[in-house]
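Here is the structure we will look at.
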Amino acid sequence: MSAASVDFGLGLRPDHYEEIAANPARVSWFEVLSENYMIAGGKPLYWLDRLRRDYPMAMHGVSLSIGSIDPLDRRYLDELKALADRIEPLWVSDHLCFTGLRGINMHDLFPLPYTEEALAHVADRVMRVQDQLGRRLVLENVSSYVTYVTSELTEWEFIAALAERADCEILLDVNNVYVSAFKHEFDPCASLQAMPPARVRQFHLAGHLNKGTHIIDTHDHPIVSDVWHLYAEAVRLFPGVPTMIERDADIPPYGELLAELDIARDIAARVAGNRAPVAAE
Ligand SMILES: [Fe+2]
C-alpha cells in the first residue's frame with residue numbers, strides 16, 4: 001500500500017463509530033487498540049468489521065511487553081495474530097517497554113535500560129514475535145520519566161540498533177520524544193535525526209499536560225505548539241510517513257479531531273513545499 005493512500009489517520013474510538021460510518025470523511029486510515037478487539041464477539045467487533053470495509057486499519061497494542069524478562073505470552077500472541085488475520089492490518093505496533101513482571105500487567109509502559117544486554121534480549125524477542133505473527137513488528141518510543149544508571153546507549157541509539165538487528169520498524173511518537181526530552185533534557189531533534197529513515201513506519205501525535213516543572217503524558221489535550229514544531233522537523237526528515245493523532249481520554253467530537261488532523265496535513269504540505277509551517281507557530 002502506498003504512503004499516499006494511508007497518509008493521515010485517527011485512532012478509532014467507540015464514541016465516533018456511528019459518525020464515521022455515517023460520514024465518510026477526510027481520514028484515510030484508522031488505528032485500533034488491539035486489546036479492545038481481541039475478544040470473541042460483540043459490539044466492538046461488529047463495528048470493527050463494519051468500518052474495516054471502508055478503511056485500512058493499523059493495529060496498536062499496549063500489552064505485548066516486549067522488553068519483559070517474563071516468557072512471551074503465547075496466548076496473547078495467538079489472539080493478536082487472530083485479530084491480524086481478521087482485519088489484515090497495515091501493520092501491527094506496540095511499545096518498546098515492559099508492562100510488568102511475573103505475569104502481572106501493571107498497564108503502564110515502563111522504559112528499558114538501554115544496555116547491550118537488553119538490546120540482545122529485546123531483539124531476540126522481537127524476532128520470535130515476528131515469526132509467530134508472520135509480519136514485521138512496529139515499536140514505539142515511550143514517554144519516560146526515569147532513566148537507569150546502567151544504560152550504555154541513548155534511547156535513540158537503542159531504537160535504531162534494535163530496528164536493524166531485529167529487522168523491525170519504528171513508530172515515532174513525536175509527542176513522546178518531546179515529553180522525554182523535556183524530562184531528561186536532551187535535544188529532541190537529535191533523537192529524530194538518529195532514526196533510520198527506512199525504518200520509520202508511522203508517526204503518532206498527541207496532547208499532554210504541562211505542569212511547568214513536569215509534563216504528564218495524558219493524551220487528553222490538543223497537540224501543543226512545541227510538538228507541532230517538532231512534527232514539522234519529523235516530516236522534513238521522514239517525508240511521506242503516515243501520521244495519526246492519538247486521543248485516549250476526554251475524547252472530543254469527531255470534527256475536532258478532523259480539524260486537528262488538518263493542521264498536520266497543512267504542516268506536512270508546507271514542509272514538502274519548502275514553506276514555513278505557519279500552523280505550528
Ligand atoms: Fe503514541
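Residues of the range 91-124 being part of a loop (DSSP other than H, G, I, E, B), open to solvent by less than 20 Å² (accessible area, probe 1.4 Å) and among the hydroxyl-bearing types (Ser, Thr, Tyr), which ones? Scanning the range 91-124 gives THR99, THR115.
For every residue, the table says whether it meets (1) closer than 21 Å to ILE223 by Cβ; (2) at pLDDT below 95; (3) of a type outside the set (Phe, Trp, Tyr).
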position	(1), (2), (3)
MET1	no, yes, yes
ALA4	no, yes, yes
LEU10	yes, no, yes
GLU31	yes, no, yes
ASN36	no, no, yes
ALA40	no, yes, yes
TRP47	no, no, no
LEU51	no, no, yes
MET57	no, no, yes
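Screening GLU88 with (1) over 15 Å from the mean Cα position of the chain (by Cα); (2) closer than 23 Å to GLN193 by Cβ; (3) not basic (Lys, Arg) gives one miss only, at (2). Could you please let me know if LEU237 is open to solvent by less than 60 Å² (accessible area, probe 1.4 Å) and within 15 Å of the ligand (Cβ to nearest atom)? When the stated conditions are applied, LEU237 does not pass them. Being touching a residue at least 24 places away in the same chain (Cβ under 8 Å) and loosely packed, with under 14 Cβ neighbours inside 10 Å is a description that applies to GLY134. Just checking: which of the helices (runs of 4 or more DSSP H) contained wholly in the range 6-90 hold 3 or more residues that are touching a Leu at 6+ places or on another chain (Cβ under 7 Å) and either among the aliphatic types (A, V, I, L, M) or open to solvent by 60 Å² or more (accessible area, probe 1.4 Å) (or both)? Because the criterion is at least 3 residues that are touching a Leu at 6+ places or on another chain (Cβ under 7 Å) and either among the aliphatic types (A, V, I, L, M) or open to solvent by 60 Å² or more (accessible area, probe 1.4 Å) (or both), the helices (runs of 4 or more DSSP H) in the range 6-90 that meet it are 74-87.
Filtered by the rule that a residue be more than 18 Å from the chain's Cα centre (by Cα) and within 30 Å of ARG165 (Cβ to Cβ), the range 194-242 gives a lone residue, ARG236.
Reported count of residues in the range 206-234, each being among the hydroxyl-bearing types (Ser, Thr, Tyr), closer than 19 Å to ASN274 by Cα and open to solvent by 60 Å² or more (accessible area, probe 1.4 Å), is 0. Out of VAL138, VAL146, one residue alone is on the phi < 0 side of the Ramachandran plot and over 18 Å from the mean Cα position of the chain (by Cα). It is VAL146.
The values are calculated or read from the model by the stated rules, or taken from the named source; none is laboratory data. Source: prediction; values computed, not measured. Every residue, glycine among them, receives a Cβ derived from its backbone with ideal geometry; neighbour counts consider all protein chains shown. Note: accessible area is taken over every heavy atom of the protein model, side chains too, but ligands, DNA and RNA are not part of it. Shrake-Rupley method; radii C 1.70, N 1.55, O 1.52, S 1.80 Å.
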